[in-house]
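Everything on this sheet refers to the single structure shown next.
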Amino acid sequence: MVVSGKVKLFALTVSSWWLCFGLWSVQTVHAEYFSSVEQMRQLLKLEQTLIDNLERYIKLHEQKIEFLHRQRDLFGKELKEGLKREVEYASNPTSAFLLVNRLVTDWERIRTFMEMDVGVKLQNKTEMPTGDDAVGVAEGLARLQEMYQLDTKAMASGKVLDRKLGRQLKTAECYEIANKLTIATNYRYAVSWYREALRLWTTDSPGVSKVEVMNGLSYALSQQGEYEEALEFTNKVLKLQPDNQRALASKDPLVKWIEYKKEYGLPPPVPDNNYKNYPSLCRGDYQRSAEELAKLSCRYEHNRTPFLRIAPLKLEELNHDPFIVVYHEVLYDKEIDTLLTISKPLLQRSMVGDDLKKKVSKTRTSSNGWLDDVSHPVVRTITRRTEDMTGLAMTAAEQLQVGNYGVGGHYLPHHDYGMPEEGKEVYPAIGKGNRIATVMYYLSDVQIGGATVFPELGVGIFPSKGSAIFWYNMHANGTVDPRTLHGACPVFVGSKWVANKWIHEHGQEFRRPCPLDQMGDEGTSL
């Protein structure tokens, strides 16, 4: 960045001035100038020196203030654009990365710059993001590229899926994204961002040299097993800078790896998890046949409880076996606003696993908070509505979990039911058996991405504020149904809010009786 060079220059000049001033201060302790006219005459020269130094100091401060003005205007312009469309800006992976990277890197440099000798500090009570946040956003960006098949050059230009979502990125910004992806060991997309930085680089590109870009690209290529091309870029670096230590250190190992590759080849790549239709469902590419769709219908649900006779629910069938439905317009905007207000202070990083083995995982990038029925009347109302929708007893339901997905936020395909170890109870902290069913409420629309998909079934639904999905995780006879594998697709643009209600099996014996046959009549379980 431009800041670093300015900071070093300013630090050097100011420190030299203080050195000079400090030497003069030490001399005044021991000299008795009043005892000699000659010594008094020397004070005139001393004052001339001090005036010259003061003039230098003033000029340096003027340059410093001028630099800070430029930085303020630059950051202010970017902030103004962000405030015009907060959610879109904060969820757009490129602008989100720039925001986090500014706070992690640029503002720390400016804080150091300001405190260098003036004593003025940037006051801030909010916890600042860290380098891990910048890496996390870069990983989300790469995740979106892979899932939605996005071109790096187009993303750098600010154009995504034929929509203009941001400005053209600069060379140093592409380089920073590539560096963070290298830290995350995502070398495939690090290479593409290094290449874009190199393509955009000119002699006027501030903040990064061509040598730095080529060194980074060489390393990322070598980690991909592309040793020949990595060596080409290393040789280009040495042609520009024969004494470049990084290039010198990497040249011989690259030569040896090329020889090894010719003789023994490379080990096969680790295969990716196969989630069948997950990527195509997320992109909306997969289409169910007309024959399948013809079996599905929409209707008003009004028979299950007396309340539904006066306030029927709009039900859309998504699949018969297992039975998956969407209820439309089941939450009011006022209820949603209340849920978001009371849950936002409770949000913490989402974890995966059962009660005893919960952990943070890259398979799930979101934050959530839990709301008990006693916390607010709206939560109790939603619990009662869930019972009307499902016909299941809420005495065996978990608290309402409200979640918000991050930049590129996703949850890879998984099952909601648990698989206990031999002789152990599933979800022991709850003690009411397995998760028989799931209700997921959508608390927001999502501009691009964020679908909920069932790869085994070819079923996908995109978020619609106020609607809810309901499905059974288990067969009617109490065995788990692996076909209910489902995942949350990466959020591209927008803020995805959901509320989950997981319902357990104990206490449902008279609500969903166990049938005589093995699986039961799944299609009539509602």
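Would you call residue 313 open to solvent by less than 90 Å² (accessible area, probe 1.4 Å), touching a strand residue (DSSP E or B) at 6+ places or on another chain (Cβ under 7 Å) and not basic (Lys, Arg)? It is true that residue 313 is open to solvent by less than 90 Å² (accessible area, probe 1.4 Å), touching a strand residue (DSSP E or B) at 6+ places or on another chain (Cβ under 7 Å) and not basic (Lys, Arg).
Could you say which residue among 192, 209 is closer than 21 Å to residue 136 by Cβ and among the hydroxyl-bearing types (Ser, Thr, Tyr)? Step through it out loud before you land on a result.
Numbers: 209 fails: closer than 21 Å to residue 136 by Cβ.
192 is the lone residue from the list that is closer than 21 Å to residue 136 by Cβ and among the hydroxyl-bearing types (Ser, Thr, Tyr).
Quick one: in the range 235-283, which of the residues that are charged (D, E, K, R) and not in a helix (DSSP H, G or I) is nearest to residue 451 (Cα to Cα)?
Filtering the range 235-283 down to residues charged (D, E, K, R) leaves 236, 239, 243, 246, 251-252, 256, 259, 261-263, 272, 276, 283.
Add one more test, that the residue is not in a helix (DSSP H, G or I), and what stays is 243, 272, 276.
Values: 243: 52, 272: 21, 276: 16 Å.
Checking each candidate, the answer is 276.
Filter the range 316-343 down to residues that are surrounded by 16 or more Cβ atoms within 10 Å (Cβ to Cβ), under 29 Å from the mean Cα position of the chain (by Cα) and not aliphatic (A, V, I, L, M) and give me whichever is farthest from residue 378 (Cα to Cα). Taking the candidates together, the pick is 343. Within the range 266-317, the set of residues being hydroxyl-bearing (Ser, Thr, Tyr) and under 12 Å from residue 460 (Cβ atoms) comprises 278, 280, 286. In the set (1) surrounded by 16 or more Cβ atoms within 10 Å (Cβ to Cβ); (2) of a type outside the set (Lys, Arg); (3) part of a loop (DSSP other than H, G, I, E, B), residue 412 fails one condition alone, (3). Taking the range 441-453 as the range and being crowded, with 22+ Cβ neighbours inside 10 Å and either in contact with a Ser or Thr (Cβ under 7 Å, 6 or more places away or on another chain) or in a loop (DSSP other than H, G, I, E, B) (or both) as the test, the residues that pass are 442, 443, 446, 450.
Of the listed requirements (1) at pLDDT 90 or above; (2) among the small types (Gly, Ala, Ser); (3) in contact with a helix residue (DSSP H, G or I) (Cβ under 6 Å, 6 or more places away or on another chain), residue 418 misses just one: (3). Of all residues in the range 193-214, those satisfying the criterion of being surrounded by fewer than 21 Cβ atoms within 10 Å (Cβ to Cβ), part of a helix (DSSP H, G or I) and not charged (D, E, K, R) are 198, 200, 211. Would it be correct to say that residue 167 is at pLDDT 95 or above, surrounded by fewer than 19 Cβ atoms within 10 Å (Cβ to Cβ) and more than 18 Å from the chain's Cα centre (by Cα)? In short, no.
With respect to residue 216, is the statement that it is farther than 30 Å from residue 492 by Cβ and within 36 Å of the chain's Cα centre (by Cα) true? Talk me through it step by step, then tell me what you get.
Working: farther than 30 Å from residue 492 by Cβ: no; within 36 Å of the chain's Cα centre (by Cα): yes.
Judged against the criteria, residue 216 is not a match.
The values are calculated or read from the model by the stated rules, or taken from the named source; none is laboratory data. Because the structure is predicted, anything quoted here is derived from the model rather than measured. Glycine gets a Cβ as well: all are built from the backbone with ideal geometry, and neighbour counts include every protein chain shown. The accessibility values were calculated without ligands, DNA or RNA, using every heavy atom of the protein model including side chains. Shrake-Rupley method; radii C 1.70, N 1.55, O 1.52, S 1.80 Å.
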